[in-house]
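The values are calculated or read from the model by the stated rules, or taken from the named source; none is laboratory data. Treat the numbers as computed from the prediction; the structure is a model and nothing was measured. Reconstructed Cβ throughout: ideal geometry from the backbone, glycine too, with neighbour counts over all protein chains shown. For accessibility, only protein heavy atoms count, side chains too; no ligands or nucleic acids. Shrake-Rupley method; radii C 1.70, N 1.55, O 1.52, S 1.80 Å.
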Amino acid sequence: MSIYVGNLSYQVTEEDLKQAFAEYGTVSRVQLPTDRETGRPRGFAFVEMESEDQETAAITALDGAEWMGRDLKVNKAKPREERSSSPRGGYSGGGRPSGGGGRRY
């Protein structure tokens, strides 16, 4: 199981998250996604702990808690949805339909 942690301060680091969640058990992994363009954290993270009991304790204690000036949103992470190969609902791009031939005035 993985824990979703939302509404994070943009100054938070993986080490900050490890320390905060370590109060509830052993943290086995922290993922702090960053924006591709700016390299800055995106305001959410995923935390994995050694046992489900530890994760449940962390969720119960930290959901809604104020941390680094923000009210945290902490819950079980939902499985990642598969993305289709086309980002725009099946439109594959390409040229004009056959018989198209330019602009009409």
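A few points about this structure:
- Checking each residue of the range 19-31 against the condition of being aromatic (Phe, Trp, Tyr), open to solvent by 60 Å² or more (accessible area, probe 1.4 Å), touching a strand residue (DSSP E or B) at 6+ places or on another chain (Cβ under 7 Å) and outside any loop (DSSP other than H, G, I, E, B) gives no match.
- In the range 32-66, of all residues being in contact with a Leu (Cβ under 9 Å, 6 or more places away or on another chain) and in a strand (DSSP E or B), the one that is surrounded by the most Cβ atoms within 10 Å (Cβ to Cβ) corresponds to VAL47.
- Candidates in the range 23-63 are the residues that are under 22 Å from LYS78 (Cα atoms) and of a type in the set (Gly, Ala, Ser); of these, the one that is nearest to the chain's Cα centre (by Cα) is ALA45.
- Boolean, TYR4 is assigned to a loop (DSSP other than H, G, I, E, B), open to solvent by 40 Å² or more (accessible area, probe 1.4 Å), touching a strand residue (DSSP E or B) at 6+ places or on another chain (Cβ under 8 Å) and on the phi < 0 side of the Ramachandran plot: no
- Enumeration of residues in the range 9-18 that are touching a strand residue (DSSP E or B) at 6+ places or on another chain (Cβ under 6 Å) and in a loop (DSSP other than H, G, I, E, B): SER9, TYR10
- Residue in the range 67-82 that is nearest to ILE3 (Cα to Cα), counting only those that are among the charged types (D, E, K, R) and surrounded by 10 or more Cβ atoms within 10 Å (Cβ to Cβ): LYS76
- The number of residues in the range 1-22 that are under 15 Å from VAL74 (Cβ atoms) and aromatic (Phe, Trp, Tyr) comes to 2.
- Cβ-Cβ under 6 Å pairs, at least 6 apart or on other chains, the range 7-31 side modelled with pLDDT under 95, far side surrounded by 16 or more Cβ atoms within 10 Å (Cβ to Cβ): TYR10/PRO41
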